[in-house]
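Beneath this line is the structure, given in structure tokens, with notes to follow.
The values are calculated or read from the model by the stated rules, or taken from the named source; none is laboratory data. It should be emphasised that the depicted structure is a prediction, and the values quoted were computed from it without experimental measurement. Virtual Cβ from ideal backbone geometry, glycine too; neighbours counted across all protein chains shown. Accessible surface is based on the protein model in full, side chains and every heavy atom, while ligands, DNA and RNA are left aside. Shrake-Rupley method; radii C 1.70, N 1.55, O 1.52, S 1.80 Å.
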Amino acid sequence: DYAFAKAFEVLSVHNLHRCKDYFVAAIQEMCHGEVMQAVENPSIDEKYYFKIIEKKTASLISACCKAGAVCGKASEEDVEKMGLYGLYLGCAFQIVDDLLDVIGDEVEVGKPVGHDLEEGKVTLPYIYFLRESPLGSKYRPFLNDRYRLLKVKSQLISDLKKSEAVSITYAKAEEFSKKARDILSELPDSVYKKLLVELSFEVVKRKK
């Protein structure tokens, strides 16, 4: 809360009112996304999941990219392109984040593996596993009862790691990463563009 208040102070002092509008909208989207995710929904599908991550993660990164473009006196068209770049980058980031909650190293990630599942969050790796794996039907009934779900959590994660859900999830993250780079291809070459291209690769390769 303090960081947001300080950010708005900086934006006001420098008369960056347009940027402030971006962040107000992003905060509203983030809150909406958190509420959507807080509603336990065992039948959550891929489409609903993407709506959540666009709101709770990608909206903020998109706002940051648009604000940076405005401060750099970019054209209206390029401001919108940067916003779209941020949206795709944010989706890729969150997908990998959710995957690391399943296959990541607990020390590197900084939280216990399966933490999302403990909180009742059915993220993309689980969605793909339940849909694509022959074992999906075995675990799907447990989604309606968190107490029973926690009892099979370790085995579920072990089976998920052995399934194609991991590679499918990574492929989806790479798809969003490529969409972000495709947006950048429409912008003139510069050292900044090069860094943003590298960033699109890093969000997918990261281990924490």
Take residues that are open to solvent by 40 Å² or more (accessible area, probe 1.4 Å) and farther than 19 Å from Ala180 by Cα and tell me which of the helices (runs of 4 or more DSSP H) falling wholly in region 18-110 contain 2 or more.
46-53, 106-109
Pair list, Cβ under 8 Å, 6 or more apart: region 2-31 residue within 13 Å of Ser62 (Cα to Cα) and of a type in the set (A, V, I, L, M, F, W, C), other residue modelled with pLDDT of 85 or more and open to solvent by 60 Å² or more (accessible area, probe 1.4 Å)
Cys19/Cys71
On the basis of being surrounded by fewer than 17 Cβ atoms within 10 Å (Cβ to Cβ) and either in contact with a helix residue (DSSP H, G or I) (Cβ under 7 Å, 6 or more places away or on another chain) or not polar (S, T, N, Q) (or both), does Lys207 make the cut?
yes
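If you check Ser163, Ser158, which single one turns out to be more than 15 Å from the chain's Cα centre (by Cα), surrounded by 14 or more Cβ atoms within 10 Å (Cβ to Cβ) and either small (Gly, Ala, Ser) or closer than 30 Å to Lys81 by Cα (or both)?
Answer to the selection: Ser163.
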What are the residues in region 1-16 that are outside any loop (DSSP other than H, G, I, E, B) and loosely packed, with under 10 Cβ neighbours inside 10 Å, if any?
Tyr2, Ala3, Ala5, Val13
Which listed residue, of Lys51, Lys66, is without any contact (Cβ under 8 Å) to a residue 40 or more places away in the chain and under 30 Å from Ala7 (Cα atoms):
Lys51
Subset of region 111-151 [open to solvent by 30 Å² or more (accessible area, probe 1.4 Å) and hydrophobic (A, V, I, L, M, F, W, C)]:
Leu135, Phe142, Leu150
For region 177-189, does any single residue satisfy the condition of being in contact (Cβ under 8 Å) with a residue 24 or more places away in the chain, under 25 Å from Ser43 (Cβ atoms) and touching a helix residue (DSSP H, G or I) at 6+ places or on another chain (Cβ under 6 Å)?
no
